[in-house]
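Since the structure comes first, as structure tokens, the remarks are kept for the end.
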Amino acid sequence: MERAAPGEVRMSRAISPAHANPRGELSAGQLLKWVDAAACLAAEKHAGVSCVTASVDDIRFEETAKVGQVLTIKAKVTRAFSTSMEISIKVIVQDMFTGVEKLVSVAFSTFVAKPIGKEKIHLKPVILLTEQDHVEHNLASERRKVRLHHEDIFKNLMKENSKFNDPICDEGMVSTSGTSVQSIELVLPPHANHHGNTFGGQIMAWMETVATISASRLCGAHPLLKSVDMFKFRGPSTVGDRLVFNAIVNNTFQTCVEVGVRVEAFDCQEWSEGRGRHINSAFLIYNAVNDKEELVTFPRIKPMSKDDLRRYCGAIARKRIRLGRKYVISHKEEVPLCVHWDVTNQVSLSNANVEALKNLAARSGWEVTSVVEKIKIYTLEENDILSVWVEKHVERPAHLTYHLLSDFTKRPLWDPHYVSCEVIDCVSEDDQIYYITCPVVNGDKPKDLVVLVSRRRPLKDGNTYTVAVKSVTLPSVPPSPQYSRSEILCAGFLIHAIDSSSCTVSYFNQISASISPYFAGNLGGWSKSIEETAASCIQFIENATDDGLIDIF
């Protein structure tokens, strides 16, 4: 393992049976305790004074760690603000027999420096030594914006959720009343940190325990913590406090379930009076596996009361925010997947392009995330891959809409994400290769793409037009240093005729890491770029004159 970077704190732990859950894997609660301790040490190393946890968020669990393996936790300050810091935590597990290392978890926490007496704290900036340091420094600012505006974004999404009904049918749906869990803990000296307050990692571990019990009551299987939306610390507790934990399932999403946990603290007098202090809240997301290690599909939730409905809608809003954070702020590295264009195999490549789009559209599990007038947005998350479906109603005939949308040279007229789009190879009447340039996003270099656009008219008895898009590589158009070469995995339009004068346009996109910045703000609720682009598309189609349009029949 490489040496620790300047400013980085490393913690190594050998996983013993005392750290494990009944499956012989490191318990998530124990890991959260270690993560919080390492992050605190990194914060204090930078600040030079005592620091306390303000929040822990964006925790994702990629792998499990087992008894006998060794865990290494790397924590460092990515950016310092006036009195607070963001800490990046990466957890690696190593198998001692094979030496193989795997990424277990990535997390981000915010710590606040505690002033000494009345002295005002002003943290020194982080020294940036590598290109990755600069990337993380910039992303830390973006993450902070999301945290600061989280409450406003959440309220706006809750208002949006009240405007449309999530399709609910009673069949197979269950109440969450049976998932309610309450537990109490007395804070003893071993539970306190070096400041005399209850150790934040211990509180997180207790919260994870009650959340796991709640999730297991719904699925009757083995819950596995997948991610943590946020642990928010609202106030301190001390030795002698009684902590009451209340957990309940809020909502389910196919193979995921969100559990909410609320923590209240009581001193002796508050305990006798029944008057607690709300000190912590968290939202934990679980998968579950059966005895055959197969993912379990959770039953749909049926809200039975106003509070049930509030929590049900809140889970939908938080999922949108999670998607936004995950797909733009995590800075996931691009793994090139686009195919090499082969003239000798062009028919097969073109047909595969069309079939991939149809298969994406036919998948089950699409969930509504937004409805605005003529526009409806769905998302689908499968095996860490996010797809978006934008459905819009257009008051124009399907064949004219198809003609306008299949000509990508017209795309910059209505899509602000396209600066230019030119044909570089007319493969056939229905297949063309385009070179596309896109605008700057988040201060990065502008992006460019080389894509194959394959269009198909309906078969004899059909009424659906297809325009499929996929990135390809051409030796004649190599990457340019002025642009960041991006990729479209699978995208395009399906145009369904409603009658002779109107149609439904469905746009699909399986989002790659390089194009995620164009979508994530909208999915997270702090941008309306998808709705605005869809509205611009509708206006472009409906305002197009018949002059110059080719009758393709």
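The values are calculated or read from the model by the stated rules, or taken from the named source; none is laboratory data. Bear in mind the structure is a predicted one, so any value in this text is a computation, not a measurement. When we count neighbours, we look across all protein chains shown, and the Cβ atoms used for this are built from the backbone with ideal geometry, even at glycine. Surface accessibility is based on the protein's heavy atoms, side chains included, excluding ligands, DNA and RNA. Shrake-Rupley method; radii C 1.70, N 1.55, O 1.52, S 1.80 Å.
Would you mind putting 491-502, 94-105 in packing order, based on average other-beta-carbon counts within 10 Å, highest first?
Per-residue Cβ counts within 10 Å, averaged per peptide and sorted highest first, yield 491-502, 94-105.
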Charge sum, other residues only, whose C-beta stays under 13 Å from residue 293's C-beta, Lys/Arg counted +1 and Asp/Glu -1:
-1
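So what is the accessible area of the chain per residue, in Å², with the probe set to 1.4 Å? Write down the numbers at each step before the final one.
Working: 25900 Å² over 553 residues.
Solvent-accessible surface per residue comes out at 47 Å².
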Filtering the chain for DSSP H helices with an axial alpha carbon extent of at least 18 Å and a Kyte-Doolittle mean of at least 0.0 returns 28-47, 200-219, 346-362, 529-543
Sort largest first and round to whole Å: the equivalent ellipsoid semi-axes of region 1-132, each the square root of five times a Cα gyration tensor eigenvalue.
29, 16, 11
Report, in deg cm²/dmol and to the nearest 500, the calculated mean residue ellipticity at 222 nm for the chain, where each DSSP H run with n ≥ 4 adds -39500 (n - 2.57) and the sum is divided by the residue count.
-8500 deg cm²/dmol
Shape metrics for region 74-188, restricted to C-alpha atoms - Rg then Dmax, Å
21.6, 62
Residue 256 accessible area, assembled protein chains, probe 1.4 Å, Å²
20
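Pop out the carbon and sulfur fraction of the accessible area of the chain as a percent, whole number, probe 1.4 Å.
Answer for the chain is 53 percent, counting heavy atoms of protein chains only.
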Stokes-Einstein diffusion coefficient of region 137-247, Kirkwood radius over Cα pairs, 25 °C, 0.890 mPa s, in µm²/s:
140
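For the chain, state the average projected area of the convex hull of the C-alpha atoms over all orientations, rounded to one decimal in nm².
Values: hull surface 119.6 nm².
About 29.9 nm², averaged over all directions.
Fully extended, how many nm does the chain gain between residue 156 and residue 364 (0.36 nm per residue separation, minus their Cα-Cα distance)? Spell out each step's value before the answer.
On the way: separation 208, 0.36 × 208 = 74.88 nm, distance 2.79 nm.
That pair, residue 156 and residue 364, stretches by 72.1 nm at full extension.
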Report the equivalent ellipsoid semi-axes for region 449-506 in whole Å, largest first, defined as the square roots of five times the eigenvalues of the gyration tensor built from alpha carbon atoms.
33, 12, 7
Rounded to 5, the percent of DSSP beta bridges in the chain classed as antiparallel
95
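Counting only other residues whose beta carbon sits under 13 Å from that of residue 27, what net charge do I get with K and R as +1, D and E as -1?
Working: positive: 13, 23, 33, 66; negative: 25, 208.
Computed value for this residue: +2.
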